[in-house]
Amino acid sequence: MAVVGKDLRLAWRDRAGWLTAAAFAAISVLTYSFAFDLATTDVHPLLPGVLWTTFLFAGVFAAGAGFQREAEEGTFDALLLSPVSPTVVFLGKLIASMIALVVIEFSLLIAATILFDEPLVTPDLVVIVILGTAGYASLTTLLGTLGSGTRTRAVLLPVMALPLLVPMLIAAVRATGETLGIFAGDAPWTMLLGVFALWSTLTAVLLFPLAVER
């Protein structure tokens, strides 16, 4: 909880990275809404893809910004010298990242509900968003650590993260589409999304102590 509180305070004091991610997500959804107005066909099947690509890129941007200041000022190295397990440090940073991302995501869902005239804040969709956020936040937190010591961290993180997040993106889009009644099928996409979130979290927890010993 100390790590969670520290990261949330730092995110509030140094809001540039998170504001950039939030602004990118808001502008993306707004641009798509105006572009869809020019279409003559039903654009609702495109909503899941629009939402999750926006969430994903905003999360990657925010993760890279979150580690940049800590790496430059040596805060992260000092944190690792504290008498706690690296796993505890990782879980604290993951929870703080998820809290900030969920705030951005649900703000966008409310905005998209207004812009696209589609109810997007439903219990089923809340579960899907939380599972998907846990899945990609785990990997971006781990990969942000791997790239925190390089000068090309801003480029390296998306290059490493996006290929690994393709299965999550597919499952999240399909699960969201089924929840909204857009796609129909028998595949348990929500369960697959949950499996991916569990796999990515466990993998990141196990690899984080090795990553910080580089």
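The values are calculated or read from the model by the stated rules, or taken from the named source; none is laboratory data. All values reported here derive from a predicted model rather than from experimental measurement. Cβ atoms come from the backbone with ideal geometry, glycine included; neighbour counts cover every protein chain shown.
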List the pairs whose first member sits in the range 109-122 and is among the acidic types (Asp, Glu), whose second member is surrounded by 14 or more Cβ atoms within 10 Å (Cβ to Cβ) and assigned to a helix (DSSP H, G or I), and whose Cβ atoms are under 7 Å apart, counting only residues at least 6 apart or on separate chains? Glu118/His44; Glu118/Leu47
Top-ranked residue of the range 170-187 - restricted to ones that are over 13 Å from Gly132 (Cβ atoms) and among the charged types (D, E, K, R), ranked as modelled with the highest pLDDT: Glu178
Here the qualifying pairs (Cβ atoms under 8 Å; residues six or more apart or on different chains; first in the range 164-189 and over 17 Å from Ala112 (Cα atoms) and part of a helix (DSSP H, G or I); second basic (Lys, Arg) and modelled with pLDDT of 85 or more) come out as Trp189/Arg174
Which of the residues spanning the range 73-127 are within 23 Å of Ser138 (Cβ to Cβ) and not in a helix (DSSP H, G or I)? Ser82, Val84, Ser85
Counting only residues that are over 12 Å from Ala134 (Cα atoms) and among the aliphatic types (A, V, I, L, M), which one in the range 79-99 is farthest from the chain's Cα centre (by Cα)? Leu81
Any residue at all in the range 45-59 that is assigned to a helix (DSSP H, G or I), modelled with pLDDT of 75 or more and farther than 24 Å from Pro123 by Cβ? yes
Looking for whichever is at pLDDT below 85 and under 17 Å from Phe90 (Cβ atoms) here; the options are Leu143, Leu206. Which one fits? Leu143
Out of Val127, Val121, Val89, which single residue is of a type outside the set (D, E, K, R), modelled with pLDDT of 75 or more and under 26 Å from Arg9 (Cβ atoms)? Val89
